[in-house]
Amino acid sequence: PHRSDQSIKTKMVVASSVPHLSSGAVGFPIIDLSLDRSHVSNLMVKACEDFGFFKVINHGVPKLVIDGMEKEGLNFFSKTDLEKRSVGLLKPLGYGSKNIGFNGDTGDVEYLLLHANSQSISQASKSISKNSAQFCSTVNYYTQAVKKLACEILELIAEGLWVHDKYAFSRYIRDIDSDSLIRINYYPSCTDSAAPVHQSHRIGFGEHSDPQILTILHSNEVGGFQVALHDGTWVAVPPDSMGFNIIVGDLMQAFTNGRFKSARHRALANTTGSKSRMSIIYFGAPPMHALVYPIPEVVKHMHQSLYRPFTWDEFKKTTYSLRLGDQRLDLFKVL
Ligand code: GA4
């Protein structure tokens, strides 16, 4: 069932109500990766339990790599409609505008969605950019850098959870057959959008959780991104082009037997500013055939597995058979 989008009003949560916060005036945890390893891993586990969401700073991804990727993104979205639509890839991959998935979800967004492996990027580059070699190397650099960051975070989380195998989660996205994706979302500013300005609550990308393991989201300095707390309250995430937002996906919820919850998030369409919002997103996923099940170390403390084992292939098919906002993991619960 679709969760109703009751209120678009958001609440700013102050740091004092979330005691473990390390910094920042607004409520979500900001984790400094340059700090002591065991401290960082404990903070991450707590953030994943409390919010399924946090921001990392001092992450080690070079600014040059991020800037290069942003430039390629802006370059692509500034092309004509015809040029963008000529990106002929297999749906759902490739260029899209307004339509999300196959079941009628829409938003005020344009996007480019690619497989995150170098062969696919190289293949796609040819139809995306005139300077395909440069596009290809820029996207590859970025993807490699955020993949490394995703692995580091997953290894820190494994340590924080006292899982014996430090690579229990990261091995899936390190696998050469990993089904990870890279996506660039472009939310046109109100000046270049056809929609009436008075519609100040337009949705760019509707409420949903990400089906994969972990998401690494970067955005430019334009706001609009929001994350829901466990009680359903929406909180605006202040834009920060220096940090990365980390989002727990459905598979991480399954791996941790529900100890972590995938974070529901959305992007409001740009309605006030004249600048477009652009986000660059890496979705860390396992290979298609990988079996996903709650890890024994976590289940041990909870006595019972909440979810039955399933393959990523099976989960992905289910994901695409449902609507954007559906709670797809519920279908994999042990009754
Ligand atoms: C949400 C996370 C990723 O962007 C994505 C999306 C996918 C798509 O846009 O093709 C989905 C959406 C996402 C979840 C439900 C289904 C599938 C659109 C949709 C309606 C690439 C993904 O893996 O799942």
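Is it true that Gly88 is part of a loop (DSSP other than H, G, I, E, B), open to solvent by 20 Å² or more (accessible area, probe 1.4 Å) and more than 16 Å from the ligand (Cβ to nearest atom)?
Yes: the conditions hold for Gly88.
If you go through segment 247-257 one residue at a time, do you hit one that is in a loop (DSSP other than H, G, I, E, B) and among the acidic types (Asp, Glu)?
No, there is no match, as no residue in segment 247-257 is in a loop (DSSP other than H, G, I, E, B) and among the acidic types (Asp, Glu).
For segment 45-52, state whether one or more residues are on the phi < 0 side of the Ramachandran plot, among the basic types (Lys, Arg) and open to solvent by less than 40 Å² (accessible area, probe 1.4 Å).
no
For segment 134-143, state whether one or more residues are farther than 24 Å from Asn245 by Cα, open to solvent by 30 Å² or more (accessible area, probe 1.4 Å), over 21 Å from the mean Cα position of the chain (by Cα) and hydroxyl-bearing (Ser, Thr, Tyr).
No.
Within segment 91-100, which residues are over 16 Å from Ser125 (Cβ atoms) and either more than 7 Å from the ligand (Cβ to nearest atom) or at pLDDT below 95 (or both)?
Lys91, Pro92, Gly96, Ser97, Lys98, Asn99
Consider Ser180 carefully, then state whether it is surrounded by 19 or more Cβ atoms within 10 Å (Cβ to Cβ), at pLDDT 95 or above and within 16 Å of the ligand (Cβ to nearest atom).
yes
State all residues of segment 308-326 that are open to solvent by less than 80 Å² (accessible area, probe 1.4 Å) and within 12 Å of the ligand (Cβ to nearest atom); if no residue qualifies, say none.
Matches in segment 308-326: Trp312, Phe315, Lys316, Thr318, Thr319, Tyr320, Ser321, Leu322, Leu324, Gly325, Asp326.
Taking the residues in segment 112-122 that are in contact with a helix residue (DSSP H, G or I) (Cβ under 9 Å, 6 or more places away or on another chain) and closer than 14 Å to Gly94 by Cβ as candidates, determine which candidate is farthest from the ligand (Cβ to nearest atom).
Among residues in segment 112-122 that are in contact with a helix residue (DSSP H, G or I) (Cβ under 9 Å, 6 or more places away or on another chain) and closer than 14 Å to Gly94 by Cβ, the one farthest from the ligand (Cβ to nearest atom) is Ile121.
Do we have Ser279 as in a loop (DSSP other than H, G, I, E, B) and open to solvent by less than 70 Å² (accessible area, probe 1.4 Å) here?
When the stated conditions are applied, Ser279 does not pass them.
Among the numbered criteria (1) within 16 Å of the ligand (Cβ to nearest atom); (2) closer than 27 Å to Asp231 by Cβ; (3) at pLDDT below 95, which one does Gly24 miss?
Among (1) within 16 Å of the ligand (Cβ to nearest atom); (2) closer than 27 Å to Asp231 by Cβ; (3) at pLDDT below 95, Gly24 violates only (1).
Take segment 203-217 and flag every residue that is part of a strand (DSSP E or B), over 14 Å from Phe54 (Cβ atoms) and open to solvent by less than 30 Å² (accessible area, probe 1.4 Å).
Passing the criteria: Gly204, Phe205, Gly206, Glu207, His208.
Within segment 92-105, can one find any residue that is open to solvent by less than 50 Å² (accessible area, probe 1.4 Å), among the β-branched types (Val, Ile, Thr) and closer than 30 Å to Lys46 by Cα?
For segment 92-105, residues open to solvent by less than 50 Å² (accessible area, probe 1.4 Å), among the β-branched types (Val, Ile, Thr) and closer than 30 Å to Lys46 by Cα: absent.
Scan (1) in contact with a Leu (Cβ under 9 Å, 6 or more places away or on another chain); (2) closer than 30 Å to Arg259 by Cα; (3) part of a helix (DSSP H, G or I) for the single condition Lys46 breaks and write down its number.
Lys46 satisfies all of (1) in contact with a Leu (Cβ under 9 Å, 6 or more places away or on another chain); (2) closer than 30 Å to Arg259 by Cα; (3) part of a helix (DSSP H, G or I) except (1).
Quick check: anything in segment 152-164 among the small types (Gly, Ala, Ser), crowded, with 17+ Cβ neighbours inside 10 Å and assigned to a loop (DSSP other than H, G, I, E, B)?
Within segment 152-164, not a single residue is among the small types (Gly, Ala, Ser), crowded, with 17+ Cβ neighbours inside 10 Å and assigned to a loop (DSSP other than H, G, I, E, B).
In a helix (DSSP H, G or I) and crowded, with 23+ Cβ neighbours inside 10 Å, is that true of Ile173?
Spelling it out, Ile173 is indeed in a helix (DSSP H, G or I) and crowded, with 23+ Cβ neighbours inside 10 Å.
If Gly273 satisfies all but one of (1) within 30 Å of Pro239 (Cα to Cα); (2) in contact with an Asp or Glu (Cβ under 8 Å, 6 or more places away or on another chain); (3) more than 16 Å from the ligand (Cβ to nearest atom); (4) open to solvent by 10 Å² or more (accessible area, probe 1.4 Å), what's the number of the condition it fails?
(2)
Specify the residue that is nearest to the chain's Cα centre (by Cα); the eligible residues are those in segment 207-225 that are within 12 Å of the ligand (Cβ to nearest atom) and among the acidic types (Asp, Glu).
Ranking the qualifying residues of segment 207-225, first place goes to Asp210.
For Lys84, work out the one condition from (1) under 26 Å from Tyr320 (Cβ atoms); (2) at pLDDT below 50 it doesn't fulfil.
(2)
Within segment 256-264, identify whether any single residue is β-branched (Val, Ile, Thr) and closer than 24 Å to Pro188 by Cα, and answer yes or no.
No; the residues of segment 256-264 include none that is β-branched (Val, Ile, Thr) and closer than 24 Å to Pro188 by Cα.
Of the residues Val222, Val298, which is open to solvent by 10 Å² or more (accessible area, probe 1.4 Å), outside any strand (DSSP E or B) and either within 21 Å of Ile153 (Cα to Cα) or hydrophobic (A, V, I, L, M, F, W, C) (or both)?
Val222
The values are calculated or read from the model by the stated rules, or taken from the named source; none is laboratory data. Since the structure is predicted, the reported quantities are computational estimates derived from the model, not experimental observations. All Cβ positions, even for glycine, are placed from backbone atoms using ideal geometry, and neighbour counts span all protein chains on display. Note: areas computed on protein heavy atoms with side chains; ligands, DNA, RNA excluded. Shrake-Rupley method; radii C 1.70, N 1.55, O 1.52, S 1.80 Å.
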